[in-house]
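Here the structure is laid out as structure tokens; the discussion comes afterwards.
The values are calculated or read from the model by the stated rules, or taken from the named source; none is laboratory data. All figures in this text were calculated on a predicted structure; none of them were measured in a lab. Here the Cβ positions follow ideal geometry from the backbone for every residue, glycine too, while neighbour counts run over all protein chains shown. Note: accessible area is taken over every heavy atom of the protein model, side chains too, but ligands, DNA and RNA are not part of it. Shrake-Rupley method; radii C 1.70, N 1.55, O 1.52, S 1.80 Å.
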Amino acid sequence: MDPQLPYSAKAGRKKRSKRTKKINILQVLWNAFAPWLMFSILYCVISFRFRYWYSSYAWGTVLVGYCVVLQLFLRLRHVREERRDDVWHYYAVISMFIWVSAAAVLGDVNFWYNMRGFYDNETLNTYPHVDPSCNSGAAMMDAGRVYFSVGVHVEPKLSIGFKNVRTYCVAPIVKGNIKLQSYDFWAVGVDCCTGATADFRCGQYNNPSARSGLRLMSDTFRDQFRLAVQQAAATYKIKAEHPLFFSWLEDPVAEMVAYRSQGYKMFVLASLTAFAVNLFSIFFTMVLFQR
């Protein structure tokens, strides 16, 4: 009987035990789910209705996220003193900081590009049977969705494009061939006309069933469209005292739902991507530090 065999087996077991101690399962699970949950919660808060009504509180949750990161960072000193697994604590600090920041940035983008317009129009009024020859923009400043009366159409002959990096296209919404005292209702779009000639091709301009408008709420775009209307007024010798800007559509509600659906899709995609990227990072860290 080989007297070295028990010793070798014991040494092998000790060696395997030493390697096993390097992987702290609880730390791995915590790093797999905590940063992802933090990202998903903050993204949701910054993107959706809570942000719309309580903006300062929503950004306060992001501050809470950074406070968690700071608390984890301050614990690193105690971790080193206790000689515990430093790598996963470092990973927690770095990943939390990255995912909190990503949630704030991506959630804000989703809010402004998709959800803000939906919530704005949801809170505004709906006006049916609007006649531009009888109704004024001043009386409908709270309009979100407008359904125009029969015979109303976009007038491409009075359209124009204002170029400022991009081309901001506007065309008045009129009824028949009636000349208006003030052209207050305008169909608008971006990069859907040349600007040099009256060739408005924005929204559902070629849809004979389109006779509705969804209010444009973007502050940045609104300023540019206002300049375009001023240019059109000077070019065609017309007045636009209280211009309101709309996307020319057949069904404004369907367009609103599309914005909301896109916002939800972006949230789900971002959450799933964050989970996958975080898992890959944990796997890479395990491989790197188990050598």
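A few remarks follow.
- Value at 222 nm in deg cm²/dmol, rounded to 500, when DSSP H runs of n ≥ 4 in the chain each add -39,500 (n - 2.57): -19000 deg cm²/dmol
- Peptides ranked, highest mean first, by Cβ atoms within 10 Å: ranges 167-176, 138-147: 167-176, 138-147
- In the chain, the longest principal axis of the Cα atoms and the axis of helix 4-21 are about 30 degrees apart.
- Counting lysine pairs in the stretch 131-273 that sit 8 or more residues apart in sequence, or on different chains, and whose Cα atoms lie under 17 Å apart gives 7.
- Angle between the chain longest axis and helix 55-81 axis [Cα atoms, degrees, rounded to 10]: 20
- Taking the square roots of five times each eigenvalue of the Cα gyration tensor of the stretch 187-237, the equivalent ellipsoid has semi-axes of 19, 16, 10 Å, listed largest first.
- Compactness of the stretch 149-291 is given as radius of gyration and Dmax, 22.0, 81 Å, from Cα positions.
- Local electrostatic count, Ala233, Cβ distance below 12 Å [Lys/Arg +1, Asp/Glu -1]: +1
- Under the convention that each Lys and Arg Cβ holds +1 and each Asp and Glu Cβ holds -1, the size of the dipole of the chain around its Cα centre is about 1880 debye.
- Among (1) 22.4, 70; (2) 17.7, 54; (3) 29.5, 112, the entry derived from the coordinates for Rg and Dmax of the Cα atoms in Å: (3)
- In degrees, nearest ten, helix 252-289 long axis to first principal axis of the chain (Cα): 20
- With DNA, RNA and ligands ignored, accessible area of Glu250 (1.4 Å probe; Å², nearest 10): 90
- Whole-Hz ³J(HN,Hα) from phi, Karplus 6.51 cos²θ - 1.76 cosθ + 1.60, for the stretch 173-188, glycine and proline x: 9, 10, 10, x, 10, 5, 7, 9, 5, 9, 8, 9, 10, 10, 8, 9
- Probe 1.4 Å, all protein chains present, accessible-area order of Met38, Met96, largest first: Met38, Met96
- Computed over all pairs of different Cα atoms, the Kirkwood value for the hydrodynamic radius of the stretch 240-291 is 15.1 Å.
- Annotation: cysteines of the chain without a disulfide-compatible partner (Cβ-Cβ under 4.7 angstrom) are Cys44, Cys67, Cys134.
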